[in-house]
Amino acid sequence: MNIGVDLDGTLISCAEKQMYCLRDALKNRESAIDWEAVWNSKREGANNVIALRANGATEDDVLTAKAYWAAHIETEAYQKYDQVTAGAAEALQKLRLLGPIHLISARRNQENFLKQIMNLGIFSWFDSVQSVNEADVAEGKSAVFRKLQIDLYIGDTEVDWDAVSAINSTGYILSTGQRSYEFLNAYGVKPIYTSLEQVVEKIYASLSR
């Protein structure tokens, strides 16, 4: 069995990095923006532009944040906020008994991606590390899934769901990362999981049928 896993929001946190980056981008306008609402909007499917516009940002703010994000979000200055999800190590140890594990994540900068995995101390968890272009994440991930003959993929977004559905494989989507349970449910993701432990239990249960 070939197992694929996402990184941000699946094996590591994602909120802190994203919100510190946006707040630093607009530090001179910080008090004008409802930052909690920005994150909640992103959890409900909005991208940065839509989330900022809806919660106090001007068009100049949006342009400033967009440029800052592109230049900085994948740097060590913001990656330092990422923390390994509780239970991730134990979950992957159990999954490794079933077959190779491939980390497949959307990234602009492959070098920084590899550095981050090393810094987090999780590089040895994976049999391969794959990055896909952010321009079309679903298509990029699907292409990697086909190449590696991925049997199942664990992620946290509707894009992950679309990518794994495109190759008629099995997706295990968590509601504890980038997207909320309500958003994923409305999108049509079923079932939705609330922990990696729950995902592992479901995978093992499916093998015992």
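The values are calculated or read from the model by the stated rules, or taken from the named source; none is laboratory data. Every value quoted in this text rests on a predicted model; they were computed, and no experiment measured them. All Cβ positions, glycine included, derive from the backbone under ideal geometry; neighbour counts span all protein chains shown.
Of the residues in the range 138-154, at least one is within 14 Å of the chain's Cα centre (by Cα), in a strand (DSSP E or B) and buried (at least 16 other Cβ atoms within 10 Å of the Cβ).
Quickly run through the range 97-120 and pick out the residues that are closer than 22 Å to residue 199 by Cβ and touching a residue at least 12 places away in the same chain (Cβ under 8 Å). Working first, answer last.
Quick first cut of the range 97-120, residues closer than 22 Å to residue 199 by Cβ only: 97-106, 117, 120.
Scanning the range 97-120 gives 98, 99, 100, 101, 102, 103, 104, 105, 106, 117, 120.
I need a count of the residues in the range 171-187 that are more than 15 Å from residue 11 (Cβ to Cβ) and in contact (Cβ under 8 Å) with a residue 24 or more places away in the chain. Qualifying residue count, the range 171-187: 6.
In the set (1) polar (S, T, N, Q); (2) within 14 Å of the chain's Cα centre (by Cα); (3) modelled with pLDDT under 95, the condition left unmet by residue 157 is number (3).
Residues in the range 110-136 that are buried (at least 16 other Cβ atoms within 10 Å of the Cβ), assigned to a helix (DSSP H, G or I) and in contact with a strand residue (DSSP E or B) (Cβ under 7 Å, 6 or more places away or on another chain): 113, 117, 120, 125.
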